[in-house]
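What follows is a single structure, written as structure tokens, with notes after it.
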Amino acid sequence: MTYLPKPKFHHPDIETNELGFTHRDYEGPISTLCAGCGHDSISGAIIRACFELSIEPHRVAKLSGIGCSSKTPTYFLGQSHGFNTVHGRMPSVLTGANMANRDLLYLGVSGDGDSASIGFGQFAHAIRRGVNMVYIVENNGVYGLTKGQFSATSDKGSKSKKGVANRDTPIDLVAMALQLGATFVARSFSGDKGQLVPLIKAAIEHKGAAFIDCISPCVAFNNHEGSTKSFDYVRAHNAALNSLDFITGRAPITADYAPGSVEDVKLHDGTTIKLHKLAEDHDVRDKGAAISALHRIQARGEIATGLVYLDSDPDDLHANLNTIARPLNTLNDADIVPGVAALAKINAALR
Ligand SMILES: Cc1ncc(C[n+]2csc(CCOP(=O)(O)OP(=O)(O)O)c2C)c(N)n1
Ligand code: SF4
Ligand SMILES: [Mg+2]
């Protein structure tokens, strides 16, 4: 046996969602990652978000590249579609799948090595094309699977387990995603489920390219003193721009909010993000301000987390290409072979 399934029995009064599914219905087999790996907490947050949103598991396509992070889709949403691509190629496979069937919810899971090194071009083009997806990078600043080499997101001066300092300038994937036109951009921390779960829920409901850079410490190779991606370092330097509650159109709003402390951000489908501003001057709709906030907070030696930028009326690749609304596998012969007259018209337009 190459994996350990979880037992199916559960307490008769266990919590169920609107579809009657339990939390277990969104899980996968038992994780084989190192005990304490940040990536497992992100899997937990994805499971929680999908459970709370009552997503039908068969409506999700989860795709990944290669790395410990890219192994994680095995451990969540065991009843969903999955595609483990080759290293750095998740974005193009996801784009192709999305083009063929826009009815699924696309969840791309990748690592800092997978997306900021070998797959950097793929990351850039999927984001700039506005593919409707949730793209999560589980960012530990190392190549965990190949035993701890510095990755392209490792901070300058951050030390390896053997004490060697990284000399290269890091790639900030959040700044890149903003520059490339992502319409939902966030950063979070695997150790902060209270922030991460609503961010994932909001990203799922967002109909455009949603990117979440999630710092996810590697307990085996990058959780020591001197590392800027360790649990202790991130906890001590976390500068949250905001925290949020994600409210679907159906759910009653139960929490009490002090007047003026919360901003409602409506998404086009009627869902609402209740945004608690922690940095008073941060406007999530102002891209220029978002880029300056990133630089300002980084210059203080801190890490900006939360919802960094949101375009609440995004375009996506299908709208830009004016593609057919139906999944390609539902098209019949008449749709696919429009006939001689249609061909003559196309030829005439090219003369
Ligand atoms: C084409 C190719 N080159 C190199 C490798 C070796 N390799 C496997 S995973 C990996 C890096 C993974 O790092 P990251 O994406 O950060 O994932 P993590 O393990 O840290 O979660 C590398 C270089 C490979 N599998 N395929
Ligand atoms: S090597 Fe690092 S990234 Fe990989 S499973 Fe272990 S702790 Fe997680
Ligand atoms: Mg990594």
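The values are calculated or read from the model by the stated rules, or taken from the named source; none is laboratory data. Treat the numbers as computed from the prediction; the structure is a model and nothing was measured. All Cβ positions, glycine included, derive from the backbone under ideal geometry; neighbour counts span all protein chains shown.
Points to keep in mind about this one:
- Looking across the range 48-75 at every residue that is basic (Lys, Arg) and within 16 Å of ligand 1 (Cβ to nearest atom), the one that is farthest from SER117 (Cα to Cα) is identified as LYS62.
- All positions within the range 118-153 that are touching a residue at least 40 places away in the same chain (Cβ under 8 Å), more than 10 Å from ligand 1 (Cβ to nearest atom) and not in a strand (DSSP E or B): PHE120, PHE123, ALA124, ALA126, ILE127, ARG128, ARG129, GLY130, VAL131, ASN132
- Out of VAL131, VAL164, sole residue that is away from ligand 2 (no atom under 16 Å from the Cβ) and within 17 Å of SER115 (Cα to Cα): VAL131
- Within the range 186-249, strands (runs of 3 or more DSSP E) holding 1 or more residues that are within 16 Å of ligand 3 (Cβ to nearest atom): 209-215
- ASN320 meets all of the listed conditions (1) closer than 19 Å to GLN195 by Cβ; (2) at pLDDT 75 or above; (3) not in a strand (DSSP E or B) but one, namely (1).
- Among (1) in contact with a Cys (Cβ under 9 Å, 6 or more places away or on another chain); (2) exposed (fewer than 15 other Cβ atoms within 10 Å of the Cβ) - the single one LEU33 does not satisfy: (2)
- Test set (1) more than 16 Å from ligand 2 (Cβ to nearest atom); (2) out of contact with any His (no Cβ under 6 Å at 6 or more places or on another chain) - ARG102 fails condition number: (2)
- Selection count where residues are of a type in the set (Asp, Glu) and within 25 Å of GLY111 (Cβ to Cβ), scope the range 1-55: 2
- For the range 95-117, filtered to residues that are away from ligand 3 (no atom under 12 Å from the Cβ) and free of Cβ contacts under 8 Å to residues at least 40 places away in the same chain, the residue that is surrounded by the most Cβ atoms within 10 Å (Cβ to Cβ) is ALA97.
- Matching residues, the range 154-178, being more than 14 Å from ligand 1 (Cβ to nearest atom), part of a loop (DSSP other than H, G, I, E, B) and hydrophobic (A, V, I, L, M, F, W, C): VAL164
- Search result, residues across the range 78-117 that are within 13 Å of ligand 1 (Cβ to nearest atom), under 16 Å from the mean Cα position of the chain (by Cα) and aliphatic (A, V, I, L, M): MET90, VAL109, ALA116
- Options PHE184, PHE150: the member that is under 26 Å from HIS58 (Cα atoms), buried (at least 21 other Cβ atoms within 10 Å of the Cβ) and of a type outside the set (S, T, N, Q): PHE184
- Some residue of the range 16-26 being crowded, with 16+ Cβ neighbours inside 10 Å, closer than 30 Å to VAL142 by Cβ and within 16 Å of ligand 1 (Cβ to nearest atom): no
- Residues of the range 51-94 satisfying the condition of being closer than 22 Å to HIS125 by Cα, within 16 Å of ligand 2 (Cβ to nearest atom), buried (at least 22 other Cβ atoms within 10 Å of the Cβ) and not β-branched (Val, Ile, Thr): SER64, GLY65, GLY67, SER69, SER70
- The one condition from (1) of a type outside the set (Ser, Thr, Tyr); (2) closer than 18 Å to ASN139 by Cβ; (3) part of a helix (DSSP H, G or I) that MET99 does not meet is (2).
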